[in-house]
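Comments concern the structure below.
Laboratory data are not the source of any read-out in this text; all were calculated from the coordinates shown. These figures come from a predicted structure and were not determined experimentally. For neighbour counting, all protein chains shown are included, and Cβ atoms are generated from backbone atoms with ideal geometry for every residue, glycine included.
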Ligand code: CA
């Protein structure tokens, strides 16, 4: 049975999600503030975490950031009442895999959870454990990225993006394809989020003296070559 941690301070919403998830066969635990949520997140072994953005004690973004310091792989879905690009980007940048905007249909949440679980399974069943390209090395089991043996620190989203590029060397990837592969869906996020993250990633992996790893293909998307 999959174990879900729900960190949500609106008790009626938390209860609603909990009942629906239990109905779907998930085992659930609810935390109603950020601090307790973080403690539970770090202490337990969870299959996924649903994390509200606005929480007492410790906000959702900070909770997410701290979870990611210790666990880069556990699926986290951010629940947010706000609907702005900035909040979504910040939420994703703090390490969430996905977000859902209140009010939402429970079917949508379930669909996103299933999509995240599929990605986790695909990663786990993948027998490739090291990706290399030019000077870059990605150790998939430990999520460590190195360039000439120097570790490069990436956020989870940057890491997912890099792995996608390194798994598709010389293949042009459109923004829509990247959204689908890295963010998990093809609509609902502005495609300029992809541009923002490619820029972040380039800043971390490129040297001034050598060419870019990731090339822009005008009007289409990006390619690593
Ligand atoms: Ca809240």
Averaging sequence separations of C-alpha pairs under 8 Å and six or more residues apart, then dividing by the length of region 3-124, give the relative contact order as a whole percent. 21 percent
All Cα pairs of the chain, percent lying beyond 29 Å: 28 percent
With springs only between Cα atoms under 10 Å apart, run a GNM on the chain and tell me which of 139, 107, 18 wobbles the most. 107
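For every helix of n ≥ 4 consecutive DSSP H residues, a contribution of -39,500 (n - 2.57) applies; sum these over the chain, divide by its total residues, and give [θ] at 222 nm rounded to the nearest 500 deg cm²/dmol. It would help to have the intermediate numbers written out before the result.
Working: 8 runs with 92 residues, N = 225.
It lands at -12500 deg cm²/dmol.
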Whole-angstrom gap from region 36-56 to region 142-157, using each part's C-alpha centre: 25 Å
So, R0 is 35 Å and r is the distance between the beta-carbons of residue 81 and residue 172; what FRET efficiency does that work out to, to 0.05? 0.40
So, with points 7 Å from each Cα along the Cβ direction, the residue 135-residue 73 label distance in nm works out to 2.9 nm
Taking Cα pairs under 8 Å and at least six residues apart, what relative contact order does the chain come out at, in percent? 13 percent
Given axes a ≥ b ≥ c from the Cα gyration tensor, I'd like to know whether region 106-150 is rounded (a/c under 1.5), prolate (a/b larger than b/c) or oblate. prolate
Can you tell me the FRET efficiency between residue 218 and residue 180 if r is taken as the Cβ-Cβ distance and R0 is 25 Å, rounded to the nearest 0.05? 0.75
Does region 1-71 classify as rounded, prolate or oblate by the C-alpha gyration tensor (a ≥ b ≥ c root eigenvalues; a/c under 1.5 gives rounded; else a/b over b/c gives prolate, otherwise oblate)? oblate
Checking rank on 204-217, 19-32, with mean other Cβ inside 10 Å and highest first, the result is 19-32, 204-217
GNM top mover of 62, 176, 121 - the chain, alpha-carbon springs below 10 Å: 121
Simple spin-label estimate for residue 202 and residue 104 in nanometres, 7 Å along Cα-Cβ: 3.1 nm
Under a plain spin-label model, where a point goes 7 Å from the Cα along Cα-to-Cβ, how far apart in nm are residue 147 and residue 13? 3.9 nm
What residue among 105, 14, 81 has the largest mean-square fluctuation in a Gaussian network model of the chain, using Cα springs under 10 Å? 105
Fraction of antiparallel bridges per DSSP, the chain only, in percent to nearest 5: 50 percent
In terms of the Cα gyration tensor, with a ≥ b ≥ c the square roots of its eigenvalues, is region 3-124 rounded because a/c is under 1.5, prolate because a/b exceeds b/c, or oblate? rounded
